[in-house]
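Shown next, in structure tokens, is the structure this report addresses.
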Amino acid sequence: MRAFDYIRAETLEQALLELGCPDSRALAGGTSLVDLMKLGVEAPARLVDIGSLPLAAITLGQSALSIGALASNSEIASNETVERLFPAVSQAILAGASGQIRNMASLAGNLMQRTRCPYFRSTDWPCNKRQPGSGCTAASGSNAHHAVLGVSASCMAVNPSDLAVALLALDAEVHLVGPSGPRSVPISQFYLLPAETPEIETVLRPGELITQVVLPRSNLAAASTYLKLRGRASYEFASASIASAILVEGGAVREVAIALGGLGVVPWRDRTAEAELIGKAIGRQSIERYCDALLAAASPTKDNAYKLDLARGAIHRCLDPDRARDDVTARGSSPE
């Protein structure tokens, strides 16, 4: 690990001032950043510890829930309001890591964690995320766990966050503050597709911090759920995951929200595909039409094409539990 300066910020103003210095990074729980520093993947000259800032409150208002950027994953997952009104958020966090990591990891850190692509996390291999222009080893290497949606010639690494998938399905808004003042960004616009610049992963500007995430209250959010499919029973990144919520009225879908993890270079949601379900009765055919529209843009390799069937089975299981068993049996399962 390269030597670095350590600054403990006592106020938000101080944190923003220190982060304005070149080659500075914010440190919260450190469960992702410190690992990458040990691997030599990240090597900031200065760490600004923001752990003592008053940004951990979880507050319910009349129309929305606000979660402070420094709220721990454990605090969020066990919060009674989150469990009751936004169950997919709690379920996604509990599916994501061990209790020890959840105790340390923060909301903002979860959203900012970087890919688990082994080529990114090893300095022995070319990686456009780590060293722009060096190439994407995964494209011709081992890519069974890589993305099938949103990939480019420069990168096919999967976004690792379970929580971000749930927040995307629930129309969360990310609040930021920086040298130009505060601003907010829908989480659907927070992550950037790799295109030719995979090293730029979010819209976060130099010197900016996440301050909170705001979730609008709704009956749809209260009906949400999270399903994660993975190669082992616990503490594994998703092969495919689904955050979903559906409201049916008079036998037809009135509202629906579905976001996917494990398949995209960013958490993935397709509102055009969701429109295939509105006004329809939930059943095998309507779900298949949704899946066809959702996965039409996929670019699988021979090694990760199984994710398409895995996702279909998971979607059937979430939206139409009575038919899920037959669907999964018919389509098979992951080779993992």
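The values are calculated or read from the model by the stated rules, or taken from the named source; none is laboratory data. As the structure is a computational prediction, the values presented were derived from the model and not from experiment. Backbone-built Cβ (ideal geometry, glycine too); neighbour counts: all protein chains shown.
Specify which of the listed residues (Val248, Val213, Val256, Val265) is surrounded by fewer than 22 Cβ atoms within 10 Å (Cβ to Cβ) and of a type in the set (Val, Ile, Thr).
Details: Val213 fails: surrounded by fewer than 22 Cβ atoms within 10 Å (Cβ to Cβ); Val256 fails: surrounded by fewer than 22 Cβ atoms within 10 Å (Cβ to Cβ); Val265 fails: surrounded by fewer than 22 Cβ atoms within 10 Å (Cβ to Cβ).
Checking each option against the conditions leaves just Val248.
Given the residues Ile246, Ile315, Ile242, Ile258, which is the only one that is farther than 27 Å from Ala157 by Cα and either among the hydrophobic types (A, V, I, L, M, F, W, C) or at pLDDT 95 or above (or both)? Even if it seems obvious, please write down each step before you answer.
Numbers: Ile315 fails: farther than 27 Å from Ala157 by Cα; Ile242 fails: farther than 27 Å from Ala157 by Cα; Ile258 fails: farther than 27 Å from Ala157 by Cα.
Criteria check complete, one pass: Ile246.
Determine which member of the set Ala97, Ala28, Ala77, Ala88 is in contact with a helix residue (DSSP H, G or I) (Cβ under 6 Å, 6 or more places away or on another chain), of a type in the set (A, V, I, L, M, F, W, C) and within 25 Å of His146 (Cβ to Cβ).
Numbers: Ala97 fails: in contact with a helix residue (DSSP H, G or I) (Cβ under 6 Å, 6 or more places away or on another chain); Ala28 fails: within 25 Å of His146 (Cβ to Cβ); Ala77 fails: within 25 Å of His146 (Cβ to Cβ).
So the residue among Ala97, Ala28, Ala77, Ala88 that is in contact with a helix residue (DSSP H, G or I) (Cβ under 6 Å, 6 or more places away or on another chain), of a type in the set (A, V, I, L, M, F, W, C) and within 25 Å of His146 (Cβ to Cβ) is Ala88.
Does the stretch 233-240 contain at least one residue that is under 22 Å from Glu173 (Cα atoms), buried (at least 18 other Cβ atoms within 10 Å of the Cβ) and touching a strand residue (DSSP E or B) at 6+ places or on another chain (Cβ under 9 Å)?
Initially, the stretch 233-240 is screened for residues under 22 Å from Glu173 (Cα atoms), giving none.
Scanning the stretch 233-240 turns up no residue that is under 22 Å from Glu173 (Cα atoms), buried (at least 18 other Cβ atoms within 10 Å of the Cβ) and touching a strand residue (DSSP E or B) at 6+ places or on another chain (Cβ under 9 Å).
Taking the stated definitions as given, is Ala233 at pLDDT 95 or above and either farther than 19 Å from Ala257 by Cα or touching a Pro at 6+ places or on another chain (Cβ under 9 Å) (or both)?
Details: at pLDDT 95 or above: no; either farther than 19 Å from Ala257 by Cα or touching a Pro at 6+ places or on another chain (Cβ under 9 Å) (or both): yes.
Answer is no for this residue.
Which numbered condition in (1) surrounded by 13 or more Cβ atoms within 10 Å (Cβ to Cβ); (2) under 21 Å from Pro206 (Cα atoms); (3) charged (D, E, K, R) is the only one that Glu10 fails?
Glu10 satisfies every listed condition except (1).
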